Amino acid sequence: MIFDTAIIGAGPAGMQAACDLRARELSVIVLDEQPAPGGQIWRGVERNCQPGSELAQRLGAEYRQGAGVARSFRACGADYRPLSRVWQIEETGPDATEQCWQVFVIREGQAEVVEARRVLLAIGAQERPVPFPGWTHPGVMTVGAAQIMLKSGGLLPEGPVWICGAGPLPLLYAHQLRKLGGQIAGFLDTAPRDTVRRGLPHLSGALRDWKSLAKGLAWQAGLRAAGLRRETGVRQLRAEGKDRLERIRWETPEGEKTAPAGVLLIHEGLVPSVHPTLSLQCEHTWSDAQQSLRPVLDAWGETTRRGLFVAGDAAGIDGARAALAKGTLAAVGIARSLDVLSEAKAKQARAAGDRALSKARATRPLLDTLYPAPEGKISDDVIVCRCEELTAGQIRAAAGRGSADPNRVKSETRAGMGPCQGRQCGYTVARLIAEAHDMPRAEVGFHNIRPPLKPVSVGELASLGKAKA
Amino acid sequence: MFRPLPDSSEGPTVTVFVEGQPVEAYVGETAASVLLRHLGTARTTSISESPRAPFCMMGCCFDCLAEIDGKGSTQSCLEPVRDGMTIARQMSARKVVAR
Ligand code: FES
C-alpha cells in the first residue's frame with residue numbers, strides 16, 4: 001500500500017501532524033524508534049500518567065499534557081509502528097508516474113520498505129555535544145539521558161550527583177529531582193555571568209509568555225531555598241578517574257575547585273536532528289542564535305526536496321508547544337500539496353498556526369541569548385570523536401594541513417566515520433576547522449552524510465531481499 | 001549509580017540475564033539502563049579498550065552498543081527490557097557492519 005504520508009517520529013510534532021492528517025481522511029503511517037508515543041519530551045507519558053502516580057505529579061503539568069495528545073494520537077487511525085528504526089529514505093525514480101518515497105525500516109530485526117506520497121520528518125533534537133577532558137568516562141552522561149532514565153524506568157541518580165551546563169533542561173531536571181527526593185551535590189552553571197545584562201533586550205518580547213518565565217524563575221528560587229550548592233561562571237570542567245568518574249574539577253573567576261563525583265550530568269542546549277535531511281541533500285542554513293544547522297523550509301514546512309517536510313525541533317529548537325504548532329502547519333502544507341485542501345482554506349489554517357507558533361516561540365530569543373553554545377578552547381588532548389577516539393589535537397592538525405573541507409578532514413582522520421556518523425563530533429570538527437582557517441562557522445558546513453542513517457547488519461539486509469522477492 | 005523510585009520497585013518487573021546473572025528489571029526501562037545499574041558500563045572501545053557507558057540514552061552516541069539476545073552491536077538504549085532477555089557488554093571487537 002502507498003500511504004498518503006509517512007511520519008517519522010512520534011513526539012509532539014509527529015503526533016499532532018498524524019491527528020490533523022487523519023482528520024482530513026488521509027492515510028498515515030507513523031514510524032518511531034521508541035516503544036510508546038511521546039518522543040523524548042513526553043517519553044513514557046502513557047505509562048507514567050496512571051492515576052495516583054507520584055512521578056507524573058512531580059514531572060509537572062507540561063509533561064502530563066502529553067497524555068492527552070498521546071490519547072488522541074492512539075485514536076486517530078494512523079498506522080503506528082513503534083520500535084522502528086529508519087535507516088534510509090529514497091525518492092522513487094523520475095520515470096514514476098507519481099512522486100513517491102520509500103522509507104527503509106528495521107523492526108524487530110526485519111527490514112521493511114514503507115511507501116508514501118509525502119514524508120514528514122518529526123525527528124526532534126539531540127543534546128549539543130561539547131567535549132571536555134574525561135567526558136567519555138562511565139559516570140558522565142547527559143542531563144537528557146538521566147531524565148530519560150527517570151521517565152522510562154523511574155530511576156534517580158545517586159553517588160555525589162553533579163549537574164553542569166546551562167539551559168532550561170538542567171534547571172527543570174534539578175527541580176524534578178529535588179521534588180522526588182533525589183540528592184544533588186551541586187549545580188555548576190556554565191552560562192556567562194553577564195546573562196541578565198545580555199538578556200534584557202529580549203525581555204519584553206519574552207513577557208508575551210510570562211507564565212513560562214515565571215516557571216523558570218520559580219524552579220531557580222526553589223533550588224535556592226533548598227540550599228542547593230550553585231557555582232556560576234563555570235569553565236574548564238574536567239572529569240577524572242581511573243576506569244570511571246571519581247572526581248570533577250572546574251574553574252570559576254575565583255579559582256580552581258574540585259569535588260568527589262559519582263555521576264556527572266552535562267547539558268549545553270539542543271541541536272536539531274539533521275542527519276536525514278543532510279543525507280537527502282536538502283538545503284540547510286546556519287543559525288547564529290542557536291549555533292546549529294537546520295533545513296531550509298518554506299512557509300508550509302516543505303524542504304527544498306518536493307514532498308519532504310520537517311516539523312518540530314528538527315526544524316529549529318523551539319520546544320514542545322511550538323512543535324505541536326509546527327506539526328499542525330506541516331499537516332496543512334501536506335494536505336495542500338496533496339490537493340485535498342484549497343489554497344484559500346490552507347492560507348486560513350496557516351494564519352492560525354502561525355499565530356500559535358509565534359506565541360510559543362516568545363521566550364526563545366531570550367533563552368538563546370541567556371544560554372549560548374560554549375566557546376571555551378578545547379585542549380589538544382580532549383577526545384572529540386567518541387567513536388574513533390580522536391583528539392582535538394589530531395583534528396586540528398588535519399584541519400590545518402589542507403582545505404577547510406569537513407569531508408577532507410573526515411576521510412583523513414576518520415572523525416565522523418564511526419557508527420554515530422558525526423552526531424557527536426560533527427559540530428566540533430567544523431568548529432576546529434573554522435578556527436584553523438579563521439573563517440566564520442557558517443561557511444564551513446558539515447561533512448556529507450551517507451546512508452545507512454543507522455548501522456544495519458548483514459542479516460537485516462538479507463531479510464530485506466526476502467521481503468522484496 | 002541509579003536507584004528506583006517506589007513507583008518502579010513496586011511496579012511490574014521482568015527477569016533479564018546480565019552476563020548470565022538473573023536480575024530484576026523494571027518494565028519500561030531499557031537494556032542500557034539495566035547495564036548502567038548493574039555493571040556501570042556497556043562496552044569497551046576497539047582502539048584503546050577503555051570502558052564506556054550509555055551517554056545519551058536516545059540513540060545518537062552509540063556508546064551503549066552491547067550484545068542483546070546474542071546480537072552484537074545493538075544500541076541497548078533502544079531496547080526495552082523483555083522477560084528472559086540476555087544482556088552482555090561488548091568487549092572491544094568492532095562489529096558494526098554495512099557502512
Ligand atoms: S546511549 Fe547513546 S546511543 Fe544508546
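Would you pick out the residues in the stretch A:232-289 that are of a type in the set (V, I, T) and within 17 Å of A:F187 (Cβ to Cβ)?
A:T232, A:V234, A:I248, A:T252, A:T258, A:V263, A:I266
Only one residue in A:L188, A:L150 is within 13 Å of chain B (Cβ to nearest Cβ) and touching a Leu at 6+ places or on another chain (Cβ under 9 Å), so which one is that?
A:L150
Output the number of residues of the stretch B:52-95 satisfying the condition of being assigned to a strand (DSSP E or B) and within 10 Å of the ligand (Cβ to nearest atom).
The first filter runs over the stretch B:52-95 and keeps only residues assigned to a strand (DSSP E or B), leaving B:52, B:65-68, B:71-75, B:80, B:86-91.
If we keep only those that are within 10 Å of the ligand (Cβ to nearest atom) too, we end up with B:52, B:65-66, B:74-75.
So the answer is 5.
State yes or no: is B:E19 at pLDDT 95 or above, over 20 Å from A:G109 (Cα atoms) and away from the ligand (no atom under 14 Å from the Cβ)? Can you show your working first?
On the way: at pLDDT 95 or above: yes; over 20 Å from A:G109 (Cα atoms): yes; away from the ligand (no atom under 14 Å from the Cβ): yes.
Against the criterion (at pLDDT 95 or above, over 20 Å from A:G109 (Cα atoms) and away from the ligand (no atom under 14 Å from the Cβ)), B:E19 qualifies.
Tell me which residues, restricted to the stretch B:43-63, are among the β-branched types (V, I, T) and facing another protein chain (nearest Cβ under 7 Å).
B:T45, B:I47
Which members of the stretch B:30-42 meet the condition of being more than 13 Å from the ligand (Cβ to nearest atom) and either at the interface with chain A (Cβ under 7 Å from one of its Cβ atoms) or in contact with a Gly (Cβ under 9 Å, 6 or more places away or on another chain) (or both)? Quick ask: steps written out before the conclusion?
So the first thing to find is which residues in the stretch B:30-42 are more than 13 Å from the ligand (Cβ to nearest atom), and the list is B:37-40.
Answer for the stretch B:30-42, where residues must be more than 13 Å from the ligand (Cβ to nearest atom) and either at the interface with chain A (Cβ under 7 Å from one of its Cβ atoms) or in contact with a Gly (Cβ under 9 Å, 6 or more places away or on another chain) (or both): B:R37, B:G40.
Can you tell me how many residues within the stretch A:321-351 are over 24 Å from the mean Cα position of the chain (by Cα) and in contact (Cβ under 8 Å) with a residue 12 or more places away in the chain?
Within the stretch A:321-351, residues that are over 24 Å from the mean Cα position of the chain (by Cα) and in contact (Cβ under 8 Å) with a residue 12 or more places away in the chain number 9.
Take the stretch B:13-29 and flag every residue that is part of a strand (DSSP E or B), of a type outside the set (V, I, T) and within 9 Å of chain A (Cβ to nearest Cβ).
Hits for the stretch B:13-29 are B:A25, B:Y26, B:E29.
Name the single residue that is nearest to the other protein chains (Cβ to nearest Cβ) among those in the stretch A:372-390 being open to solvent by less than 30 Å² (accessible area, probe 1.4 Å) and over 18 Å from A:Q291 (Cβ atoms).
Checking each candidate, the answer is A:E389.
Please name all residue pairs, on different chains or six or more residues apart, with Cβ atoms under 7 Å, provided the first residue is in the stretch A:144-158 and is touching a residue at least 24 places away in the same chain (Cβ under 8 Å) and the second residue is basic (K, R) and within 15 Å of the ligand (Cβ to nearest atom).
A:I148/A:R43; A:K151/A:R43; A:S152/A:R43
Which condition breaks for A:K454 when tested against (1) of a type in the set (K, R); (2) open to solvent by 20 Å² or more (accessible area, probe 1.4 Å); (3) not in a helix (DSSP H, G or I)?
(2)
Given the conditions (1) part of a loop (DSSP other than H, G, I, E, B); (2) touching a residue at least 60 places away in the same chain (Cβ under 8 Å), and given that A:E375 satisfies all but one, which numbered condition is not satisfied?
(2)
Filtering the stretch A:83-98 down to residues that are of a type outside the set (S, T, Y) and surrounded by 16 or more Cβ atoms within 10 Å (Cβ to Cβ), which residue is farthest from the other protein chains (Cβ to nearest Cβ)?
Of the residues in the stretch A:83-98, the ones of a type outside the set (S, T, Y) are A:83, A:85-91, A:93-96, A:98.
With surrounded by 16 or more Cβ atoms within 10 Å (Cβ to Cβ) added as a condition, the list becomes A:83, A:85-89, A:91.
On the way: A:L83: 8, A:R85: 7, A:V86: 11, A:W87: 9, A:Q88: 11, A:I89: 16, A:E91: 21 Å.
Going through the qualifying residues, I end up with A:E91.
Kindly indicate whether B:V27 is free of Cβ contacts under 8 Å to residues at least 60 places away in the same chain, closer than 24 Å to A:E46 by Cα and within 14 Å of the ligand (Cβ to nearest atom).
Taking the combined requirement at face value, the residue does not satisfy it.
I'm told A:S457 meets every condition in (1) within 12 Å of chain B (Cβ to nearest Cβ); (2) under 30 Å from B:P51 (Cβ atoms); (3) in contact (Cβ under 8 Å) with a residue 12 or more places away in the chain except one. Can you identify the failing condition by its number?
Answer for A:S457: the failing condition is (3).
Take the conditions more than 23 Å from A:T252 (Cα to Cα) and buried (at least 21 other Cβ atoms within 10 Å of the Cβ) and apply them to A:G165. Does it pass?
no
Of the residues that make up the stretch A:60-82, is at least one open to solvent by less than 10 Å² (accessible area, probe 1.4 Å), within 16 Å of the ligand (Cβ to nearest atom) and not in a loop (DSSP other than H, G, I, E, B)?
There is no residue in the stretch A:60-82 that is open to solvent by less than 10 Å² (accessible area, probe 1.4 Å), within 16 Å of the ligand (Cβ to nearest atom) and not in a loop (DSSP other than H, G, I, E, B).
How many of the residues making up the stretch A:141-155 are within 11 Å of A:Y173 (Cβ to Cβ) and away from the ligand (no atom under 12 Å from the Cβ)? Spell out how you get there, then give the answer.
Within the stretch A:141-155, the subset within 11 Å of A:Y173 (Cβ to Cβ) is A:142-151.
Retained after the next criterion (residues that are away from the ligand (no atom under 12 Å from the Cβ)): A:143, A:147, A:150-151.
Total satisfying the criteria: 4.
In the stretch A:286-302, which residues are within 19 Å of the chain's Cα centre (by Cα), buried (at least 17 other Cβ atoms within 10 Å of the Cβ) and part of a strand (DSSP E or B)?
Going residue by residue through the stretch A:286-302, those that are within 19 Å of the chain's Cα centre (by Cα) are A:286-297, A:301.
From what's left, buried (at least 17 other Cβ atoms within 10 Å of the Cβ): A:286, A:290-295, A:297, A:301.
Answer for the stretch A:286-302, where residues must be within 19 Å of the chain's Cα centre (by Cα), buried (at least 17 other Cβ atoms within 10 Å of the Cβ) and part of a strand (DSSP E or B): A:W286, A:S292, A:L293, A:R294, A:P295.
Can you give me the number of residues within the stretch B:3-12 that are assigned to a strand (DSSP E or B) and either more than 10 Å from every other protein chain (Cβ to nearest Cβ) or closer than 16 Å to B:V81 by Cβ (or both)?
Within the stretch B:3-12, residues that are assigned to a strand (DSSP E or B) and either more than 10 Å from every other protein chain (Cβ to nearest Cβ) or closer than 16 Å to B:V81 by Cβ (or both) number 1.
Would it be correct to say that A:R128 is under 30 Å from B:H38 (Cα atoms), at pLDDT 95 or above and within 14 Å of another protein chain (Cβ to nearest Cβ)?
So A:R128 passes the test.
The values are calculated or read from the model by the stated rules, or taken from the named source; none is laboratory data. Note that the structure is predicted; figures quoted are calculated from it, not measured. Positions of Cβ are generated from backbone atoms using ideal geometry, with glycine treated the same way; all protein chains shown enter the neighbour counts. Note: accessible area is taken over every heavy atom of the protein model, side chains too, but ligands, DNA and RNA are not part of it. Shrake-Rupley method; radii C 1.70, N 1.55, O 1.52, S 1.80 Å.
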